[in-house]
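Here's the structure, in structure tokens; my notes come after.
The values are calculated or read from the model by the stated rules, or taken from the named source; none is laboratory data. The shown structure was predicted, so the numbers you read here are calculated from the model rather than taken from an experiment. Cβ placement follows ideal geometry from the backbone for every residue including glycine, while neighbour counts extend to all protein chains displayed.
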Amino acid sequence: MIISGTQLAKEIKENVKTQVAEAVKTYGRPPHLVVILVGEDPASQSYVKGKGKDAEEVGFKSTTIRKPDTISEEELLEIIENLNRDDEVDGILVQLPLPAHIDEDKVIETILQSKDVDGFHPANVAALWQKRPCTYPCTPKGIIKLLDKAGVQIEGKKAVVLGRSNIVGLPAAKMLLDRNATVTIAHSRTKGLAKTAAEADILVVAIGKPKFVTEDMVKPGAAVIDVGVNREPETGKLCGDVDFANCESKASVITPVPGGVGPMTRACLMENTLECFLNKMKKNNN
Ligand code: L34
């Protein structure tokens, strides 16, 4: 079975849209999401465009701030600080990666935690790892929702996460652990990676290498979640970290690229933005 992220994302966005209409009646304005894009990387441009499109679809106010990759760190931080102070801005997202002369950690720390719709702020990360209320990072949140939608049992299962990034691998592993899976975090330097992967009931692949996972690395009946977004070197077509055609028949459920985790990342961003907005409005009313 192929799990359609596009379909599930649509359902999530419908739900957000309904709540936005309610929120407008209650609070007099929709949530406002600001996305900052530095530079002209084609992939980042495409993702940011998708976020703006989704934001408009659910009825948010949406602003994209585009800056050249020559922008100084100081200038970028100042933009963020102004957005932090702006009462009518509810969510701030700085698209990663940033040019090398800008300290990403510093940028992420500058975003007000209550407007951190990515869930990347250190205070948010700490809250996630300590099982306190937090904003769940969009991609891992989307992964869990895809598994639930497909009816995959997580509790008691062996999950293997390939990749250990702050954005995907680590938080995805933690969220699977919190659902009572037994989790192995593996990576490109793991010895016997293929064998480890092949033991997984749930295999999450975020290793950033096109068609890295082949059929021999998939346990029969496994659920395979492909987080990769790569370009096929020969054709320029989008492809995942999983060799889909090769693995499809071995997996019980598998996500496609495009149309899997990507659209879910965006839909979860819409949910997070609404959540930040509602938290703020409820606080203001007290
Ligand atoms: N701050 N930076 C920040 N937050 C994020 O959550 C991200 N990420 C990752 C890169 N940098 C970030 C994204 O937005 C990856 N990512 C992302 C978002 C959306 C899609 C892919 C990656 C997506 O929509 N993928 C589509 C295809 C898009 C295309 O045609 O290029 C898909 O169907 O997979």
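Quick test of your reading of the structure: residue 273 fulfils all but one of (1) in contact (Cβ under 8 Å) with a residue 24 or more places away in the chain; (2) among the polar types (S, T, N, Q); (3) assigned to a loop (DSSP other than H, G, I, E, B). Name the failing condition by number. For residue 273, the exception is condition (3). Residues in the range 256-271 that are near the ligand (Cβ under 7 Å from one of its atoms), touching a Cys at 6+ places or on another chain (Cβ under 7 Å) and not hydroxyl-bearing (Ser, Thr, Tyr): 2 in all.
Being more than 18 Å from the chain's Cα centre (by Cα), surrounded by fewer than 19 Cβ atoms within 10 Å (Cβ to Cβ), more than 19 Å from residue 268 (Cβ to Cβ) and modelled with pLDDT of 95 or more is the requirement here; does residue 18 meet it? Outline the logic, then answer.
On the way: more than 18 Å from the chain's Cα centre (by Cα): yes; surrounded by fewer than 19 Cβ atoms within 10 Å (Cβ to Cβ): yes; more than 19 Å from residue 268 (Cβ to Cβ): no; modelled with pLDDT of 95 or more: yes.
So residue 18 fails the test.
Can you tell me how many residues within the range 125-147 are assigned to a loop (DSSP other than H, G, I, E, B) and without any contact (Cβ under 8 Å) to a residue 40 or more places away in the chain?
Step one: filter the range 125-147 for residues assigned to a loop (DSSP other than H, G, I, E, B), giving 130-137.
Remaining after also requiring without any contact (Cβ under 8 Å) to a residue 40 or more places away in the chain: 130, 132-134, 137.
Result for the range 125-147: 5.
What number of residues within the range 33-47 satisfy the criterion of being under 19 Å from residue 116 (Cα atoms) and surrounded by fewer than 20 Cβ atoms within 10 Å (Cβ to Cβ)? Before the answer, list the steps.
Filtering the range 33-47 for residues under 19 Å from residue 116 (Cα atoms) gives 33-38, 44, 47.
Narrowing the set further to residues that are surrounded by fewer than 20 Cβ atoms within 10 Å (Cβ to Cβ) leaves 44, 47.
Going through the range 33-47 one residue at a time, the tally reaches 2.
Residue by residue, here is whether (1) within 16 Å of the ligand (Cβ to nearest atom); (2) at pLDDT 95 or above; (3) crowded, with 19+ Cβ neighbours inside 10 Å holds:
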| position | (1), (2), (3) |
| --- | --- |
| 100 | yes, yes, no |
| 125 | yes, yes, yes |
| 153 | no, yes, no |
| 168 | yes, yes, yes |
| 173 | no, yes, yes |
| 180 | no, yes, no |
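Among the residues making up the range 148-185, those that are outside any loop (DSSP other than H, G, I, E, B) and either of a type in the set (Phe, Trp, Tyr) or out of contact with any strand residue (DSSP E or B) (no Cβ under 6 Å at 6 or more places or on another chain) (or both) are 148, 149, 170, 171, 174, 175, 178.
Only one residue in 14, 22, 56, 40 is in a helix (DSSP H, G or I) and within 16 Å of the ligand (Cβ to nearest atom), so which one is that?
Numbers: 14 fails: within 16 Å of the ligand (Cβ to nearest atom); 22 fails: within 16 Å of the ligand (Cβ to nearest atom); 40 fails: in a helix (DSSP H, G or I).
Of 14, 22, 56, 40, the one residue that is in a helix (DSSP H, G or I) and within 16 Å of the ligand (Cβ to nearest atom) is 56.
Candidates 250, 219, 282, 237: the one that is touching a strand residue (DSSP E or B) at 6+ places or on another chain (Cβ under 8 Å), more than 16 Å from the ligand (Cβ to nearest atom) and of a type in the set (Lys, Arg) is 219. The residues in the range 222-241 that are touching a residue at least 60 places away in the same chain (Cβ under 8 Å) and part of a loop (DSSP other than H, G, I, E, B) can be counted, and the count is 3.
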